[in-house]
Amino acid sequence: MGALHEGHLSLVRLARKECGFTVVSIFVNPMQFAPGEDFERYPRREADDTTILDTAGVDLVYLPDAKELYPPDFSTAIEVAGVSAGAEGAARPGHFRGVATVVAKLFLQVQPDAAFFGRKDLQQVAVIRRMTRDLDFPVRIVVGPTVREPDGLALSSRNAYLSAQERRQASAFPAALFTARRRAADGERDVGRLESETRRDLETAGLGVDYVEVVRPDTMARPTRIEPGAALCAAVRAGKTRLIDNVVLIDAETAASEDSRKS
């Protein structure tokens with residue numbers, strides 16, 4: 001949605017490495033914002049963004065107009081059930097309907113061979129993967145790693161909203177997630193206990209907590225116990241700024257390697 005940062009540019013570099021022609025769309029999608037959210041004040045820096053993308057070697061920047069994508073009598077939406085139900089889907093009803101609809105339209109308009117998304121938006125990735133599979137889009141979905149500040153805070157266009165004090169407070173968000181990952185590495189397998197301990201850490205730091213959930217990243221279902229590949233995702237508020245992030249608790253490949261050594 002623009003206001004580009006290093007997280008976006010890491011996806012550009014990945015796309016340029018894997019593809020012969022790179023297109024970047026910039027569109028602040030009104031359909032994925034609920035009333036009272038930050039659509040009107042979401043940072044828009046198209047001139048700066050296009051300069052950055054030109055320097056990064058992007059072949060084409062697509063800047064659709066909302067009236068083109070959504071004419072006055074627009075009445076179609078894509079609902080990806082199940083995988084969109086919890087976490088962000090529960091906290092922001094209708095959000096993923098807007099995401100799925102605009103991504104489907106962009107896929108049809110651009111007709112890419114591959115599309116690149118960041119892992120920070122864990123549930124968005126799950127929704128897009130499911131939609132792509134279910135509707136037979138001939139698009140390969142590639143997921144790039146979360147890019148973080150030196151103190152661990154995931155890069156986000158919304159970080160620009162944070163005051164200096166809120167920015168210091170926000171550093172407790174990734175710290176709590178990394179602590180949860182260490183607890184899992186030390187043997188914690190109780191989903192509810194890990195969620196409640198992480199919530200406590202976040203609230204102690206003064207952050208407002210929307211949710212803390214252990215999920216399977218491909219389905220967003222809640223496992224009965226913490227298992228290889230499970231992720232902890234959360235949404236918090238520092239002041240009025242809402243931030244999301246996630247970490248894999250037990251890497252599936254690491255767990256498989258450890259099981260192999262034990263056997």
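The values are calculated or read from the model by the stated rules, or taken from the named source; none is laboratory data. Please read these numbers as outputs of a predicted model, since none were measured by experiment. We place every Cβ from the backbone using ideal geometry, glycine too, and count neighbours over all the protein chains shown. Accessible surface areas use protein heavy atoms only, side chains included; no ligands, DNA or RNA. Shrake-Rupley method; radii C 1.70, N 1.55, O 1.52, S 1.80 Å.
Residues that are acidic (Asp, Glu), in contact (Cβ under 8 Å) with a residue 40 or more places away in the chain and buried (at least 19 other Cβ atoms within 10 Å of the Cβ) occur in the range 232-248; there is at least one.
Looking only at residues of the range 184-231 that are touching a residue at least 40 places away in the same chain (Cβ under 8 Å) and of a type in the set (Ser, Thr, Tyr), we find that the one that is surrounded by the fewest Cβ atoms within 10 Å (Cβ to Cβ) is 219.
Residue pairs whose Cβ atoms lie under 7 Å apart, sitting 6 or more positions apart in sequence or on different chains, and linking a residue in the range 9-22 that is touching a residue at least 40 places away in the same chain (Cβ under 8 Å) to a partner that is acidic (Asp, Glu), are 19/113.
Scanning the range 47-82 for residues that are assigned to a helix (DSSP H, G or I) and either within 28 Å of residue 15 (Cα to Cα) or acidic (Asp, Glu) (or both) yields 47, 48, 49, 50, 51, 52, 53, 54, 55, 66, 68, 69. Within the set 85, 104, the sole residue that is in a loop (DSSP other than H, G, I, E, B), out of contact with any helix residue (DSSP H, G or I) (no Cβ under 6 Å at 6 or more places or on another chain) and either free of Cβ contacts under 8 Å to residues at least 60 places away in the same chain or open to solvent by 30 Å² or more (accessible area, probe 1.4 Å) (or both) turns out to be 85. Please work out which residue is farthest from the chain's Cα centre (by Cα), limiting yourself to the range 7-32 and to residues that are more than 21 Å from residue 109 (Cβ to Cβ) and open to solvent by less than 80 Å² (accessible area, probe 1.4 Å). Here the answer is 14.
Considering (1) under 19 Å from the mean Cα position of the chain (by Cα); (2) of a type in the set (D, E, K, R); (3) assigned to a loop (DSSP other than H, G, I, E, B), the lone condition that residue 237 does not fulfil carries the number (3). One residue stands out in the range 92-101 among those that are open to solvent by less than 50 Å² (accessible area, probe 1.4 Å) and assigned to a helix (DSSP H, G or I): the one that is nearest to residue 140 (Cα to Cα), namely 100. When the range 42-82 is filtered for residues that are hydroxyl-bearing (Ser, Thr, Tyr), surrounded by fewer than 17 Cβ atoms within 10 Å (Cβ to Cβ) and more than 30 Å from residue 217 (Cβ to Cβ), the ones remaining, listed by number, are 51, 55, 75.
Yes or no, residue by residue, for (1) exposed (fewer than 15 other Cβ atoms within 10 Å of the Cβ); (2) closer than 24 Å to residue 209 by Cβ:
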{"site": "113", "(1), (2)": "yes, no"}
{"site": "128", "(1), (2)": "no, no"}
{"site": "134", "(1), (2)": "yes, no"}
{"site": "139", "(1), (2)": "no, no"}
{"site": "143", "(1), (2)": "no, no"}
{"site": "147", "(1), (2)": "no, yes"}
{"site": "162", "(1), (2)": "no, yes"}
{"site": "169", "(1), (2)": "no, yes"}
{"site": "173", "(1), (2)": "no, yes"}
